[in-house]
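Chemist: The structure that follows is given in the form of structure tokens.
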Amino acid sequence: MTDYKQVFDSIKQTKEKAKISNLLNTLTDIEPDESYIEELKELTNKVREIKIYAIGLLTNYNNKELEDFFIKKSESENDNFIVCRCIRGLNLNGSEKSAQFLLDFYKKTRSIDIKSEIIHTLRIINARNTISEGVKDGIYKLIGNEYPFFQGYWTDLKKAEKTTKENWSQIAEKQLNQNKLNLIFVENEKYDIHIYIEKMKKDFIRFINVYCIPKYHETTFSKYFTPSEFYISENRLFDSFFAKTKTMRPDNYVIEIINLINSELLPKLFSRVNMLGDLGNMKFEDFTRRENEIYDTLYGTSWDFVVSRQLTEKIDIFRDNPDKNKYIDLVIDKWVKQGKEYFSILDYLENQKNSR
């Protein structure tokens, strides 16, 4: 198995940039070795191909001494792709200082890629650190909500019209006649529901989405890994239900869209929400008898590639389950069977065994 020493011994024996890049790439899925931080920093001053891989490896480290390095690199680099990599390095290494830096950087940059990376990194920094109210307010204002684990920035949540579960269809009809759909309502004390149409262009619908957003969620993470999202969604491609044309305006299908949401998307969503809640409290013995049924309801497939990722993101639903470790071992086994046992994910799952 390749390790840092072998790779850096080989790097010292060559000047070929392609070979150095390939050697660095072999370390991507290996737990970082703290003793090579300075050597990796030096490689970030080399040509672009080497710089990209060196910075990429440094983003895997959890070492607070790297915070200033990534901030300075983000400011000094002109290549947007490299800047995004540097910002990603603040996921594990950023503190409130990084959060404020990113809020300011967001205002300066015109790059959509950089803005996207900033939003993602701010969410992780916020989840992993104690942040002052002033900086938190800046984050929530930018993202558009205070929901834990939900990037409403991507679905225009800050523009959603607030309504009630009794009146949502009337508001939806009004919005659809204006060629849009973006509303939110309280379902119960635990969840809110966001209904939203994603457009590719002004008059061309891509997805009809419904989201169940938990209002309270205790964030968990490990040294190397932070779950990305905690929400449940159902969606349909517009052209999989209606005739595919170059112009697919919502106002041409008002009743059909409301009926689709009411009779199919919301019932499926609530079925998944209820199943996930039941699963969190289920005895492992009962789970093994219903395993395929549960996967089918939650994910529409029992493919390990999908199941391992989805259950990893939501593994803390088993927090108070006496059989928690059995579930965790099941998920780890699914990763291993794929040959994809990433160090960061295994670190997270193993840490969950000891957390409450």
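Chemist: Report, by residue number, each residue of the range 59-95 that is more than 26 Å from R110 (Cβ to Cβ) and part of a helix (DSSP H, G or I).
Modeler: Quick first cut of the range 59-95, residues more than 26 Å from R110 (Cβ to Cβ) only: 60-66, 92, 95.
K64, E65, L66, L92 - these are the residues of the range 59-95 that are more than 26 Å from R110 (Cβ to Cβ) and part of a helix (DSSP H, G or I).
Chemist: Do the conditions hold for I124, that is, is it in contact with a Ser or Thr (Cβ under 6 Å, 6 or more places away or on another chain), assigned to a helix (DSSP H, G or I), at negative phi and buried (at least 17 other Cβ atoms within 10 Å of the Cβ)?
Modeler: Working: in contact with a Ser or Thr (Cβ under 6 Å, 6 or more places away or on another chain): yes; assigned to a helix (DSSP H, G or I): yes; at negative phi: yes; buried (at least 17 other Cβ atoms within 10 Å of the Cβ): yes.
When the stated conditions are applied, I124 passes them.
Chemist: Now, a different point. Would you please name the residue that is nearest to T245 (Cα to Cα), looking only at residues in the range 183-224 that are open to solvent by less than 20 Å² (accessible area, probe 1.4 Å) and of a type in the set (S, T, N, Q)?
Modeler: Of everything passing the filter in the range 183-224, N209 is nearest to T245 (Cα to Cα).
Chemist: Hey, could you check the range 19-50 for residues that are among the polar types (S, T, N, Q) and open to solvent by 40 Å² or more (accessible area, probe 1.4 Å) and say which is nearest to the chain's Cα centre (by Cα)? So that I can check it myself, show each step before the final result.
Modeler: First pass over the range 19-50, keeping only residues among the polar types (S, T, N, Q): 21-22, 25-26, 28, 35, 44-45.
From what's left, open to solvent by 40 Å² or more (accessible area, probe 1.4 Å): 22, 25-26, 28, 35, 45.
Values: N22: 27, N25: 23, T26: 25, T28: 19, S35: 30, N45: 30 Å.
If we take residues in the range 19-50 being among the polar types (S, T, N, Q) and open to solvent by 40 Å² or more (accessible area, probe 1.4 Å), then T28 is nearest to the chain's Cα centre (by Cα).
Chemist: If I ask for residues that are open to solvent by 100 Å² or more (accessible area, probe 1.4 Å) and either polar (S, T, N, Q) or at pLDDT 95 or above (or both), which ones from the range 8-18 would you list?
Modeler: Residue satisfying the conditions is Q13 alone.
Chemist: Just checking: which of the helices (runs of 4 or more DSSP H) contained wholly in the range 248-356 hold 2 or more residues that are in contact (Cβ under 8 Å) with a residue 24 or more places away in the chain and closer than 30 Å to I195 by Cβ? Quick ask: steps written out before the conclusion?
Modeler: Values: elements: 254-260, 266-281, 284-299, 304-313, 324-337, 343-352.
Filter on the range 248-356 gives 254-260, 266-281, 284-299, 304-313.
Chemist: For Q170, indicate whether it is outside any strand (DSSP E or B) and crowded, with 18+ Cβ neighbours inside 10 Å.
Modeler: Numbers: outside any strand (DSSP E or B): yes; crowded, with 18+ Cβ neighbours inside 10 Å: no.
Judged against the criteria, Q170 is not a match.
Chemist: Okay, next question. Can you tell me which residue in the range 194-252 is modelled with the highest pLDDT, limited to those that are closer than 18 Å to N182 by Cα and basic (K, R)?
Modeler: If we take residues in the range 194-252 being closer than 18 Å to N182 by Cα and basic (K, R), then R236 is modelled with the highest pLDDT.
Chemist: From the residues in the range 228-243 that are open to solvent by 60 Å² or more (accessible area, probe 1.4 Å) and hydrophobic (A, V, I, L, M, F, W, C), which one is nearest to R272 (Cα to Cα)? Show your work before the answer.
Modeler: Step one: of the range 228-243, the residues open to solvent by 60 Å² or more (accessible area, probe 1.4 Å) are 231, 235, 237, 240-241, 243.
Checking the rest, the ones that are also hydrophobic (A, V, I, L, M, F, W, C) come to 237, 241, 243.
On the way: L237: 19, F241: 21, A243: 28 Å.
Residue satisfying both the conditions and the ranking: L237.
Chemist: If you don't mind, there's one more thing I want to ask. Scan the range 285-301 and tell me whether some residue there is surrounded by 13 or more Cβ atoms within 10 Å (Cβ to Cβ), closer than 30 Å to T26 by Cα and at pLDDT 95 or above.
Modeler: No.
Chemist: List every residue pair whose Cβ atoms lie under 9 Å apart, where the two residues are 6 or more positions apart in sequence or sit on different chains, the first residue falls within the range 230-243 and is more than 14 Å from E264 (Cα to Cα), and the second residue, located anywhere, is among the hydroxyl-bearing types (S, T, Y) and assigned to a strand (DSSP E or B).
Modeler: Listed by first residue and then by second, the contacts come to Y231/Y211; I232/Y191; I232/Y211.
Chemist: Hey, another quick one. Determine which member of the set K115, K141, K162 is among the basic types (K, R), open to solvent by less than 40 Å² (accessible area, probe 1.4 Å) and without any contact (Cβ under 8 Å) to a residue 24 or more places away in the chain.
Modeler: K115
Chemist: Now, a different point. Could you check, for the range 150-158, whether at least one of its residues is open to solvent by 30 Å² or more (accessible area, probe 1.4 Å), of a type in the set (D, E), closer than 19 Å to E264 by Cα and touching a residue at least 12 places away in the same chain (Cβ under 8 Å)?
Modeler: Filtering the range 150-158 down to residues open to solvent by 30 Å² or more (accessible area, probe 1.4 Å) leaves 153-154, 156, 158.
If we keep only those that are of a type in the set (D, E) as well, we get 156.
Those left that are additionally closer than 19 Å to E264 by Cα: none.
The answer is no, given that none of the residues of the range 150-158 is open to solvent by 30 Å² or more (accessible area, probe 1.4 Å), of a type in the set (D, E), closer than 19 Å to E264 by Cα and touching a residue at least 12 places away in the same chain (Cβ under 8 Å).
Chemist: Further question on the same structure: Are any of the residues in the range 45-54 touching a residue at least 24 places away in the same chain (Cβ under 8 Å), polar (S, T, N, Q) and under 28 Å from S98 (Cβ atoms)? Don't jump to the end; show me each part of the working.
Modeler: Step one: list which residues in the range 45-54 are touching a residue at least 24 places away in the same chain (Cβ under 8 Å), which gives 46-54.
If we keep only those that are polar (S, T, N, Q) as well, we get none.
Checked the range 45-54: no residue is touching a residue at least 24 places away in the same chain (Cβ under 8 Å), polar (S, T, N, Q) and under 28 Å from S98 (Cβ atoms).
Chemist: Among K73, K107, K64, which is among the charged types (D, E, K, R), closer than 26 Å to D33 by Cα, open to solvent by 30 Å² or more (accessible area, probe 1.4 Å) and more than 20 Å from the chain's Cα centre (by Cα)? Reasoning before the result, please.
Modeler: On the way: K73 fails: open to solvent by 30 Å² or more (accessible area, probe 1.4 Å); K107 fails: closer than 26 Å to D33 by Cα.
K64 is the lone residue from the list that is among the charged types (D, E, K, R), closer than 26 Å to D33 by Cα, open to solvent by 30 Å² or more (accessible area, probe 1.4 Å) and more than 20 Å from the chain's Cα centre (by Cα).
The values are calculated or read from the model by the stated rules, or taken from the named source; none is laboratory data. Bear in mind that the values here come from a model prediction, so they are computed numbers and not experimental data. All Cβ positions, even for glycine, are placed from backbone atoms using ideal geometry, and neighbour counts span all protein chains on display. All accessible areas refer to the heavy atoms of the entire protein, side chains included, with ligands and DNA or RNA removed. Shrake-Rupley method; radii C 1.70, N 1.55, O 1.52, S 1.80 Å.
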